[in-house]
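Step one of this worksheet: look at the structure below.
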Amino acid sequence: EAEVAQSPRYKITEKSQAVAFWCDPISGHATLYWYRQILGQGPELLVQFQDESVVDDSQLPKDRFSAERLKGVDSTLKIQPAELGDSAMYLCASSRTNRQQGEQYFGPGTRLTVT
Amino acid sequence: GQSLEQPSEVTAVEGAIVQINCTYQTSGFYGLSWYQQHDGGAPTFLSYNALDGLEETGRFSSFLSRSDSYGYLLLQELQMKDSASYFCAVTNDYKLSFGAGTTVTVRA
């Protein structure tokens, strides 16, 4: 069964350092999402791609966060510089199209700890 | 913006039936989804309702009433492995927004 791949699974970094997360969606899925989930809360959308284009990045803190999906397949989310409040689970998800966004498939996530 | 309300916790015994309610307020509503998340794991898609009515998938069923801005997830024949967080999520325009989640604890 096809799955969304993410790496690394865990990341510990010091504040003010740069950190990057990678995601490879299910093959053939045109829409890719990055979420942040704080313990005890639901996932919050950071950025959404349709192919290589950003559809929604209204909740992305653009002063420190950036995301790209250059060839419309895999994607990278970067934080520079990291702050203590960025500690969270970063989840990547994909759906076949943006019209099927109610049915998303999530990767295992990257647990980020900023010290 | 949008808001979703669901109970924070539910506890039940094995074999019981649990209903998790979700009320929402949003514009441009398309549908209501349900996701399951075990501790330390990723959310797993359970169901999506775009039309009014009940959808059944094995032991889990999901219901939607668009006129009442209300839906629920029904978990039947509860098993220990059903202990997890359950999130309702609304699709509006082009975005999926999650509720805060309901922690279901199944006791032997």
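In segment A:74-102, which residues are of a type outside the set (Gly, Ala, Ser), out of contact with any strand residue (DSSP E or B) (no Cβ under 7 Å at 6 or more places or on another chain) and modelled with pLDDT of 95 or more?
Within segment A:74-102, the first condition is being of a type outside the set (Gly, Ala, Ser), and the residues that meet it are A:74, A:76-81, A:83-84, A:86, A:89-92, A:96-101.
Imposing the further condition that a residue be out of contact with any strand residue (DSSP E or B) (no Cβ under 7 Å at 6 or more places or on another chain) reduces the set to A:80-81, A:96, A:99-100.
Residues satisfying the conditions are A:80, A:81.
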task = Within segment A:32-50, work out how many residues are more than 9 Å from chain B (Cβ to nearest Cβ) and in contact with a strand residue (DSSP E or B) (Cβ under 7 Å, 6 or more places away or on another chain).
result = 7
task = Would you mind telling me which numbered condition in (1) under 19 Å from residue A:35 (Cα atoms); (2) touching a Gly at 6+ places or on another chain (Cβ under 9 Å); (3) surrounded by 14 or more Cβ atoms within 10 Å (Cβ to Cβ); (4) among the polar types (S, T, N, Q) residue B:36 fails?
result = (2)
query = Inside segment A:92-115, can you point out the residues that are without any contact (Cβ under 8 Å) to a residue 60 or more places away in the chain and buried (at least 20 other Cβ atoms within 10 Å of the Cβ)?
reply = A:102
inquiry  = Conditions first: (1) surrounded by fewer than 21 Cβ atoms within 10 Å (Cβ to Cβ); (2) in a loop (DSSP other than H, G, I, E, B). Residue A:82 passes all but one, so which condition is the exception?
reply    = (1)
inquiry  = For segment A:85-115, which positions are at negative phi, within 14 Å of chain B (Cβ to nearest Cβ) and not in a strand (DSSP E or B)?
reply    = A:96, A:97, A:98, A:99, A:100, A:101, A:102, A:103, A:104, A:107, A:108
task = Could you please give the count of residues in segment A:1-35 that are in contact with a Lys or Arg (Cβ under 8 Å, 6 or more places away or on another chain), surrounded by 12 or more Cβ atoms within 10 Å (Cβ to Cβ) and more than 20 Å from residue A:52 (Cα to Cα)?
result = 2
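Each row is one residue, and each column tells you yes or no for (1) part of a strand (DSSP E or B); (2) at the interface with chain A (Cβ under 9 Å from one of its Cβ atoms).
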{"residue": "B:10", "(1), (2)": "yes, no"}
{"residue": "B:15", "(1), (2)": "no, no"}
{"residue": "B:27", "(1), (2)": "no, no"}
{"residue": "B:40", "(1), (2)": "no, yes"}
{"residue": "B:54", "(1), (2)": "yes, no"}
{"residue": "B:73", "(1), (2)": "yes, no"}
request  = Identify the single condition in (1) loosely packed, with under 13 Cβ neighbours inside 10 Å; (2) among the β-branched types (Val, Ile, Thr); (3) over 14 Å from the mean Cα position of the chain (by Cα) that residue B:26 does not satisfy, given that it satisfies every other one.
outcome  = (1)
request  = Please state which one of A:15, A:71 is in a loop (DSSP other than H, G, I, E, B), out of contact with any strand residue (DSSP E or B) (no Cβ under 7 Å at 6 or more places or on another chain) and over 25 Å from residue B:87 (Cβ atoms).
outcome  = A:71
Top-ranked residue in segment B:29-38 [being assigned to a strand (DSSP E or B) and either closer than 20 Å to residue A:10 by Cα or touching a residue at least 60 places away in the same chain (Cβ under 8 Å) (or both); ranked as farthest from the other protein chains (Cβ to nearest Cβ)] = B:29
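Listed residues A:73, A:4, A:19; which is within 14 Å of the chain's Cα centre (by Cα) and within 18 Å of residue B:43 (Cα to Cα)? Spell out how you get there, then give the answer.
On the way: A:73 fails: within 18 Å of residue B:43 (Cα to Cα); A:19 fails: within 18 Å of residue B:43 (Cα to Cα).
Going through A:73, A:4, A:19 in turn, just one is within 14 Å of the chain's Cα centre (by Cα) and within 18 Å of residue B:43 (Cα to Cα): A:4.
The values are calculated or read from the model by the stated rules, or taken from the named source; none is laboratory data. Values in this document were obtained by computation on a predicted structure and should not be read as measured data. Every residue, glycine as well, gets a Cβ built from its backbone with ideal geometry; the counts of neighbours run over all protein chains shown.
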